[in-house]
Every structure is written in C-alpha cells, then in structure tokens.
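Right, one structure below, let's go through it.
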Amino acid sequence: MRYLVFGDVHANVLALDTVLEAGRARGVDTYLFVGDLVGYGPNPLECIERLLPLVENGNMAWVAGNHELALRGDVDMAGYSIEAAQTLDWTRKLVASKPWAKEFIESAYLTTCVNDLIWLAHDSFAAPSSGGYHRWPQNAKSELASVRHNAGRVCFYGHTHTMRAEIHDLDKGIVLVPMTPHVGDGTDPQPIRLKQENLGWIGTGSVGFPTNTHRRAEYLILDETDGNVWHVEKYEVAYPREEAKERTRTVLGAVCDKEVADRIARWL
C-alpha cells in the first residue's frame, strides 16, 4: 500500500489540490493527515470539502492539529498569534454554519493508529497537544520510546512546518536522517529505508505554509509494499503561490485586519 502523508494545510486549498493530485499521480491508495487543516489561510471550508469524502470512504485517517483544537475550544488561545486568532475566529463562524464541516472538525482525535504499526500525531506522540516544536535530536528519544511502547513502527507528525526524520537503529541508536525532497517527475531516488527493526519519528513538512527555500508544498509517501523494508519518499511540488497570495489578501482582507492579511500572504 502507498500512503500520502501530509500536514499543515492551513486552509490553502490551491496547495492542497496540488498535493492531492501529485499523490494520485504517484499511485497513493490511502491518505494520512497530521493536522492543522484550518487557520491562517482563506479557504477552510473548501479544504474540508476535499478531505471529507476521503474519510467517509474509509481512505483517510487524521488527527487534530492545534488549530482544530482551538476551533473546537479544546485549548486556551491565550498564546496564539494575532494571525491565528483572527483567522480562527472567522473560521469558527464559517464552520458553525455548516454542520458537515463542524462534525468533521470535531471527529479527530489527538493521536490515531493505522494498521497497527503506523501512528499519527500533530505536535507530540509522547505528550499530545503539549504545543512544543520538535527541533532537537534529544527530544526524539521520548517520542521514539512512545512509538516502541505502543508497539508501533513509525509515527508521523506535523506542527513544525519542516521535514525531519529520526530513526532508531539497533546498531547506531537514534539517527537524524537527511531529508532532501525530490522535485519534478519520477520517484524519490533516495527514500528513507525503514527496516523491521527500526523505529521512525518523521515530520511531514507543510502543504500550505512550507518553510523550504522555494516555498513548495511538501508531502511524503509511505510505501509498505515490501513488508520487511518500508520506504518513505520525500517530495516538494510547486503550486500557484501568487494566486494563493492574492486570494489570501482578498478574502482575509475583508474579515481580518488588513495588516494581518498582508502578513499571512507574505508567509506563503
């Protein structure tokens, strides 16, 4: 089976459409989403519309990101940026008017398991919804210990908007694996190889607000066709950024402070 693994769309439907199409072109069967579908971007309902049929058809598993939790009222928004607060306040009104969207947002758990061995989390598996950003190799120790404790083989996460992979190897211990995404046609020639005895803690990067140099939308494909050695392919793909920026300024400029809309557009 080939899984499209992605996260942090943040209501950027142009980037989401591009990634979903790229995944289909590379033969994905199932979709794994690590949260933050909404917040910041101008098209939250459209993004929900894209993923809802996948969930209803049993082809997608997902977890709530901190922006979904804030939308649901599950976390205190005191520490959220003005960009997050204003866009989530607007999104909350949109979602409240659409029962199908509200039900979708409320349906996600903090963590979930797929086929016994694959776990999904947003910010942390060891301490879900703690809000921390995983940036230091030593932090992977507790995350990989949680994967082992839960009899998993890999856990994918988001939140950082950065691709990252730490693998536990029996001989070398915890290894920070290089993450060089493939751009263009064809299959990633240097996927991460996850052997049966390995454990993986892997960040998906971001679809909607990536931090790579060219701001290309990021995603992974997990290929478990070979049960002994799984492959995690890494990709970046260009999407209509200028159109996304203009849409952000137009839509958000009407519902948020203009300075807020302009800042969000510059992040794209």
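The values are calculated or read from the model by the stated rules, or taken from the named source; none is laboratory data. None of these values were measured; they are calculated from a predicted model. A quick note on method: Cβ atoms are made from the backbone with ideal geometry, for glycine too, and the neighbour counts reach across all protein chains shown. What goes into the accessible areas is simple: the full protein's heavy atoms, side chains included, and nothing from ligands, DNA or RNA. Shrake-Rupley method; radii C 1.70, N 1.55, O 1.52, S 1.80 Å.
May I ask for the angle, rounded to the nearest 10°, between helix 241-253 and the longest principal axis of the chain, with both axes built from Cα atoms and the value confined to 0 to 90°?
That works out to roughly 40 degrees.
Build a GNM of the chain with springs between Cα atoms under 10 Å: which of Val177, Val38, Val147 gets the top mean-square fluctuation?
Val177
Count the net charge of all other residues whose Cβ sits under 12 Å from the Cβ of Asn198, scoring Lys and Arg as +1 and Asp and Glu as -1.
Once positives and negatives cancel, what remains is +1.
If I build a Gaussian network model for the chain, linking alpha-carbon pairs within less than 10 angstrom, which residue out of Arg24, Arg164, Arg216 has the largest mean-square fluctuation?
Of Arg24, Arg164, Arg216, the Gaussian network model singles out Arg24 as fluctuating most.
Just to confirm a number: summing +1 for Lys and Arg and -1 for Asp and Glu over residues other than Ile118 whose beta-carbon lies under 10 angstrom from that of Ile118, what do you get?
Details: positive: Arg153; negative: Asp116, Glu224.
Spelling it out: positives minus negatives among the neighbours equals -1.
What length, rounded to one decimal in nm, is gained on full extension from Val175 through to Arg50, with 0.36 nm per residue of separation minus their alpha-carbon distance? Walk me through the numbers before you get to the answer.
On the way: separation 125, 0.36 × 125 = 45.00 nm, distance 3.57 nm.
Stretched fully, the Val175-Arg50 segment lengthens by 41.4 nm.
Report the one residue of Thr160, Ala238, Leu252 whose Cα lies farthest in the direction of the positive end of the charge dipole of segment 125-253 (charges on C-beta: Lys and Arg +1, Asp and Glu -1; origin at the Cα centre).
Farthest towards the positive pole: Leu252.
Find the relative contact order for the chain and round it to a whole percent, using C-alpha pairs within less than 8 Å whose residues are 6+ positions apart. Could you put the intermediate results ahead of the total?
Working: 583 pairs, mean separation 59.1, N = 268.
In percent, rounded to a whole number, it is 22.
Averaging the inverse of every distinct alpha carbon separation and then flipping it gives the Kirkwood radius. What is it for segment 180-226, in angstrom units? Spell out each step's value before the answer.
Values: mean 1/r = 0.0795 Å⁻¹.
Value: 12.6 Å, from the Cα pair sum.
If you roll a 1.4 angstrom probe over the protein chains with everything in place, what fraction of the accessible area of the chain belongs to carbon and sulfur, to the nearest %? Write down the numbers at each step before the final one.
Numbers: 5700 of 11550 Å².
Carbon-and-sulfur percentage of accessible area, whole number: 49.
Quick one: among Ile192, Ile82, Ile118, which has the greatest mean-square fluctuation in a GNM of the chain with alpha-carbon springs under 10 angstrom?
Ile82
Using only the Cα atoms of segment 197-255, each taken as one equal point scatterer with no solvent, compute I(q) by the Debye sum, divide by I(0), and report log10 of the ratio at q = 0.28 Å⁻¹.
Rounded to two decimals, the profile gives -1.13.
Okay, helix-only estimate at 222 nm for the chain: each DSSP H run of n ≥ 4 adds -39500 (n - 2.57), divide by all residues, round to 500 deg cm²/dmol; what do you get? Walk me through the numbers before you get to the answer.
On the way: 8 runs with 89 residues, N = 268.
Rounded to the nearest 500, the figure is -10000 deg cm²/dmol.
Nearest 10 degrees, 0 to 90: what angle lies between the long axis of helix 44-56 and the longest principal axis of the chain (Cα atoms)?
Value to nearest ten degrees: 40.
Looking at the square roots a ≥ b ≥ c of the eigenvalues of the Cα gyration tensor of segment 132-268, which shape do they give, rounded for a/c under 1.5, prolate if a/b is larger than b/c, or oblate?
Numbers: a/c = 3.03, a/b = 1.89, b/c = 1.60.
Because a/c hits 1.5 or more and a/b exceeds b/c, segment 132-268 counts as prolate.
Please count, across the chain, the pairs of lysine residues with Cα atoms under 16 Å apart that sit 8 or more places apart or on different chains.
The result is 4.
Over segment 52-122, average the accessible area per residue using a 1.4 Å probe and give it in Å², no decimals.
Each residue of segment 52-122 exposes 48 Å² on average to a 1.4 Å probe.
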